[in-house]
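Report on the structure given below.
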Amino acid sequence: MDDFGTGYSSLSYLTDLPIDRLKIDRSFVRNIRGKKEAILPSIIRLGHNIGVKVLAEGVETEAEVAYLKDKHCDEAQGYYFAQPLSYKELKAFLYEHRCKVLQA
């Protein structure tokens, strides 16, 4: 489920849809030290309690990575790791970082 916590996402979807990953909207990551600080760990625990992986979107700083690790978030994506890449740039990035490419 993409962008959980915003827009049309709903708690009822968590039980009604066959999801395997909960993607937390970047607005919760950007405000981890603000009013939403209590919400992010709660979403992570909720995802784990229903048996799905939790991914945080929009991660941009080392502090955000450390915070998410501390809260046991399973995965993260964002500019901290890489900017959007073309196919050619992606191939070079994967080779440079010694990533194994799997066929879909």
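Sort out which residues of region 23-42 are under 21 Å from TYR79 (Cβ atoms) and either surrounded by 13 or more Cβ atoms within 10 Å (Cβ to Cβ) or touching a residue at least 40 places away in the same chain (Cβ under 8 Å) (or both), and write them in order of number.
LYS23, ILE24, ASP25, ARG26, SER27, PHE28, VAL29, ARG30, ASN31, ILE32, LYS36, LEU40
Considering only region 1-57, give the helices (runs of 4 or more DSSP H) lying wholly within it that have at least 3 residues that are hydrophobic (A, V, I, L, M, F, W, C) and at pLDDT 75 or above.
Helices (runs of 4 or more DSSP H) meeting the threshold: 39-49.
Any residue in region 86-94 that is part of a loop (DSSP other than H, G, I, E, B), farther than 27 Å from PHE28 by Cα and of a type outside the set (A, V, I, L, M)?
yes
Those residues that are over 29 Å from LEU17 (Cβ atoms) and either modelled with pLDDT of 95 or more or among the β-branched types (Val, Ile, Thr) (or both), I need them from region 71-85; list them, please.
none
In the set GLU60, GLU64, which member is of a type in the set (Asp, Glu) and in a helix (DSSP H, G or I)?
Criteria check complete, one pass: GLU64.
Mind checking whether some residue in region 75-89 is more than 17 Å from the chain's Cα centre (by Cα), of a type in the set (S, T, N, Q) and surrounded by 10 or more Cβ atoms within 10 Å (Cβ to Cβ)?
Looking for residues that are more than 17 Å from the chain's Cα centre (by Cα), of a type in the set (S, T, N, Q) and surrounded by 10 or more Cβ atoms within 10 Å (Cβ to Cβ), one finds none in region 75-89, hence no.
The values are calculated or read from the model by the stated rules, or taken from the named source; none is laboratory data. Bear in mind that the values here come from a model prediction, so they are computed numbers and not experimental data. Every residue, glycine as well, gets a Cβ built from its backbone with ideal geometry; the counts of neighbours run over all protein chains shown.
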